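> Once you've had a glance at the structure underneath, I'll fire off some questions.
The values are calculated or read from the model by the stated rules, or taken from the named source; none is laboratory data. Just so we're clear, the structure is a prediction, and the values are computed from it rather than from any experiment. In this analysis, Cβ positions are derived from the backbone assuming ideal geometry, glycine residues included, and neighbour counts consider all displayed protein chains.
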Amino acid sequence: GAAPATSAAAEEPPTLPIDRHTGCPFDPPAGLTALSDRPVRRLRHADGHDGWLVTGHAAARAVLSDPRFSSRYELMHPPMPMEGLPAEMPPAPVGEFIGLDAPEHTRYRRLLTGKFTVRRMRQLTERVEQFTVECLDAMEQAGTSADLVEVFAQPVPALMICELLGVPYADRDRFQSHVATVFDQRADMEAKGAAFGAIHQFLSELVAAKRAEPTDDLLSDLTASDLTEEELIGVGGVLLAAGLDTTANMLALGTFALLSNPDQLDALRADPGLAEQTVEELLRYLSVADPIPRAALEDVEIEGQLIKAGETVTVSVQAANRDAGKFPDPDRLDIHRKATGHLAFGHGAHQCLGQQLARVEMAVAFPALFARFPGLRLAVPPEQVPLREHANIYGVISLPVTWDKEQS
Ligand code: HEM
């Protein structure tokens with residue numbers, strides 16, 4: 001239960017612990033686990049603002065499903081320090097609906113949801129299946145070791161985005177490296193500005209091309225809607241930003257986690273029917289997209305704590321997905337558990353629009369990889385795998401793997 005308000009107010013609020021490198025690379029930072037004894041508590045944000053940290057599963061769901069908590073960037077105080085962050089967050093650019101509330105958000109959301117038809121999902125699934133085989137063929141031909149991030153975890157999501165935008169896979173360099181720069185915490189503001197410019201240029205040319213000559217893809221379909229050119233560019237930007245790094249990091253970190261839990265990997269190999277359940281459990285266990293911030297539009301009480309209008313609430317997805325009240329023995333990767341109800345895709349109005357695609361990518365990619373290379377293993381000791389310590393999306397920087405040459 002929640003501590004009395006008086007004792008909570010008397011304490012100096014902690015800042016968000018983000019350093020995961022304190023032991024197991026798959027576990028939340030020890031400092032965060034220590035704060036999870038209370039589901040809702042004070043948090044000092046990067047700019048000194050005292051907002052709230054939500055670590056309980058029920059409390060996280062309550063916040064994310066409540067329209068009194070806004071997704072507008074300009075109302076939020078950033079949860080953690082970031083290089084070159086402006087004192088006040090600017091509002092989302094036109095079309096960037098992840099940073100909007102109802103009813104503006106709802107308009108984009110409905111429009112996009114309607115484009116993920118059964119036919120399109122089937123087509124995309126077939127493309128991922130083919131492309132996964134092509135990637136595995138290329139790995140096999142190239143030798144017996146590779147960086148899995150480069151040869152597998154990044155290409156598969158990049159193909160999916162190319163398919164959605166109607167871009168040939170060969171043209172992925174027009175956005176892939178720029179998106180990486182935007183998300184790179186070590187890149188300076190000048191480099192990020194240049195990358196944003198290049199992405200905008202790419203998308204504006206693409207939107208013009210699809211308007212002139214629509215092809216069979218989501219972006220072309222959207223050009224037939226009432227969205228303006230600038231809105232289409234914004235929507236394209238959201239897909240690039242949300243769809244690339246998230247899935248790539250799940251594929252690479254998920255492989256690392258399975259290789260580190262050989263009993264679980266053996267169980268998956270023995271029964272590929274467990275693929276979908278494995279994907280859900282990996283999503284829960286790894287929680288790569290974290291945290292999710294919101295701003296209170298009104299006074300709201302969550303689990304006995306009064307959150308005041310204007311305060312920022314930082315929802316820790318990793319902590320909520322390790323809430324023992326919801327997931328017994330939460331620190332154990334267990335592909336036999338029912339991990340449904342995890343918050344790795346968020347919850348409520350903004351719950352991940354690409355979640356079915358992401359699930360398909362992973363449910364195809366993991367079993368195919370482990371079936372092709374039965375002897376797949378790390379090429380370095382696990383503690384030498386470089387981790388994305390302070391990135392917006394958690395994962396590995398590279399994953400050196402090796403496998404045996406096929407004997408047949
Ligand atoms: C939103 C996670 C893959 C498109 C979100 C949110 C999370 C998330 C946590 C909610 C953000 C919030 O509430 O503020 C993930 C993870 C993925 C993944 C972990 C991979 C495993 C994808 C893919 C796409 C995509 C492949 C596109 C093809 C989106 C979009 C939104 C979103 C458009 C914004 C939805 C809205 O604001 O209504 N994602 N995502 N995501 N995601 Fe994903």
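> Take Leu282 and tell me if it is closer than 24 Å to His390 by Cα and either part of a helix (DSSP H, G or I) or among the aliphatic types (A, V, I, L, M) (or both).
yes
> Let me ask something else. Tell me yes or no: at least one residue of the stretch 319-332 is in contact with a strand residue (DSSP E or B) (Cβ under 9 Å, 6 or more places away or on another chain), surrounded by 19 or more Cβ atoms within 10 Å (Cβ to Cβ) and in contact (Cβ under 8 Å) with a residue 60 or more places away in the chain.
Yes, because at least one residue in the stretch 319-332 is in contact with a strand residue (DSSP E or B) (Cβ under 9 Å, 6 or more places away or on another chain), surrounded by 19 or more Cβ atoms within 10 Å (Cβ to Cβ) and in contact (Cβ under 8 Å) with a residue 60 or more places away in the chain.
> Which ones in the stretch 99-109 are out of contact with any Phe, Trp or Tyr (no Cβ under 7 Å at 6 or more places or on another chain) and either within 10 Å of the ligand (Cβ to nearest atom) or in a loop (DSSP other than H, G, I, E, B) (or both)?
Listed by number, the residues that qualify are Leu100, Asp101, Ala102, Pro103, Thr106.
> Within the stretch 354-362, can one find any residue that is more than 30 Å from Glu126 (Cα to Cα), surrounded by 18 or more Cβ atoms within 10 Å (Cβ to Cβ) and charged (D, E, K, R)?
Checked the stretch 354-362: no residue is more than 30 Å from Glu126 (Cα to Cα), surrounded by 18 or more Cβ atoms within 10 Å (Cβ to Cβ) and charged (D, E, K, R).
> Assuming Glu74 fulfils every condition listed in (1) away from the ligand (no atom under 13 Å from the Cβ); (2) in contact (Cβ under 8 Å) with a residue 24 or more places away in the chain apart from one, which condition is it?
It fails just one condition, (2).
> Now for a separate question. So which of Thr181, Thr246, Thr228, Thr215 is of a type in the set (S, T, N, Q) and more than 25 Å from Ala358 (Cα to Cα)?
Step by step, each of Thr181, Thr246, Thr228, Thr215 is checked, and only Thr228 is of a type in the set (S, T, N, Q) and more than 25 Å from Ala358 (Cα to Cα).
> If you take the residues in the stretch 366-382 that are assigned to a loop (DSSP other than H, G, I, E, B) and out of contact with any helix residue (DSSP H, G or I) (no Cβ under 7 Å at 6 or more places or on another chain), which one is surrounded by the fewest Cβ atoms within 10 Å (Cβ to Cβ)?
Pro381
> Going by the conditions given, is Ser225 in a loop (DSSP other than H, G, I, E, B) and touching a residue at least 40 places away in the same chain (Cβ under 8 Å)?
Yes; evaluated as a whole, the condition is true for this residue.
> So, Val235, is that one in a helix (DSSP H, G or I) and within 27 Å of Arg20 (Cα to Cα) or not?
No.
> Hey, another quick one. When the stretch 171-217 is examined, which residues are found to be part of a helix (DSSP H, G or I), surrounded by 13 or more Cβ atoms within 10 Å (Cβ to Cβ), of a type outside the set (A, V, I, L, M, F, W, C) and over 23 Å from the mean Cα position of the chain (by Cα)?
Those that are part of a helix (DSSP H, G or I), surrounded by 13 or more Cβ atoms within 10 Å (Cβ to Cβ), of a type outside the set (A, V, I, L, M, F, W, C) and over 23 Å from the mean Cα position of the chain (by Cα): Asp171, Gln201, Ser204, Lys210, Arg211.
> Within the stretch 87-96, can one find any residue that is closer than 27 Å to Arg68 by Cβ and within 19 Å of the chain's Cα centre (by Cα)?
Looking for residues that are closer than 27 Å to Arg68 by Cβ and within 19 Å of the chain's Cα centre (by Cα), one finds at least one in the stretch 87-96, hence yes.
> What are the residue pairs meeting all of these: first residue in the stretch 87-109, first residue on the phi > 0 side of the Ramachandran plot, second residue surrounded by 13 or more Cβ atoms within 10 Å (Cβ to Cβ) and outside any loop (DSSP other than H, G, I, E, B), Cβ atoms under 6 Å, and 6 or more apart or on different chains?
Note: pairs meeting the criteria are Gly95/Glu231; Gly95/Gly234; Gly95/Val235.
> Is there a residue in the stretch 299-306 that is touching a helix residue (DSSP H, G or I) at 6+ places or on another chain (Cβ under 9 Å) and part of a loop (DSSP other than H, G, I, E, B)?
Yes, some residue in the stretch 299-306 is touching a helix residue (DSSP H, G or I) at 6+ places or on another chain (Cβ under 9 Å) and part of a loop (DSSP other than H, G, I, E, B).
The rows are residues; the columns are (1) within 22 Å of the chain's Cα centre (by Cα); (2) within 20 Å of Val207 (Cβ to Cβ); (3) not in a helix (DSSP H, G or I).
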site	(1), (2), (3)
Lys115	yes, yes, yes
Met121	yes, no, no
Glu126	no, no, no
Phe131	yes, no, no
Ala138	no, no, no
Gln141	no, no, no
Ala146	no, no, yes
Glu150	yes, no, no
Val156	yes, no, no
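> Taking the condition surrounded by fewer than 20 Cβ atoms within 10 Å (Cβ to Cβ), within 13 Å of the ligand (Cβ to nearest atom) and of a type in the set (S, T, N, Q), does Gln351 pass?
In short, yes.
> Scan the stretch 236-248 and report the pairs whose first residue is closer than 17 Å to Thr113 by Cα and whose second residue is among the small types (Gly, Ala, Ser), with Cβ atoms within less than 6 Å and a gap of 6+ or a chain change.
Partner pairs satisfying both residue conditions: Gly243/Gly354.
> Answer with yes or no whether Glu230 is out of contact with any Cys (no Cβ under 9 Å at 6 or more places or on another chain) and more than 16 Å from the ligand (Cβ to nearest atom).
Answer is yes for this residue.
> Condition first: away from the ligand (no atom under 16 Å from the Cβ) and either closer than 22 Å to Ile393 by Cβ or modelled with pLDDT under 95 (or both). Can you find one or more residues in the stretch 304-325 that meet it?
Yes, some residue in the stretch 304-325 is away from the ligand (no atom under 16 Å from the Cβ) and either closer than 22 Å to Ile393 by Cβ or modelled with pLDDT under 95 (or both).
> Out of all the residues in the stretch 110-125, which are among the hydroxyl-bearing types (Ser, Thr, Tyr) and away from the ligand (no atom under 11 Å from the Cβ)?
Thr117, Thr125
> Same structure again: Does Val401 satisfy being more than 16 Å from the ligand (Cβ to nearest atom), touching a residue at least 24 places away in the same chain (Cβ under 8 Å) and β-branched (Val, Ile, Thr)?
The answer is yes for Val401.
> Right, another one. Please determine whether any residue of the stretch 293-306 is at negative phi, buried (at least 21 other Cβ atoms within 10 Å of the Cβ), touching an Asp or Glu at 6+ places or on another chain (Cβ under 6 Å) and of a type in the set (A, V, I, L, M).
Within the stretch 293-306, one or more residues are at negative phi, buried (at least 21 other Cβ atoms within 10 Å of the Cβ), touching an Asp or Glu at 6+ places or on another chain (Cβ under 6 Å) and of a type in the set (A, V, I, L, M).
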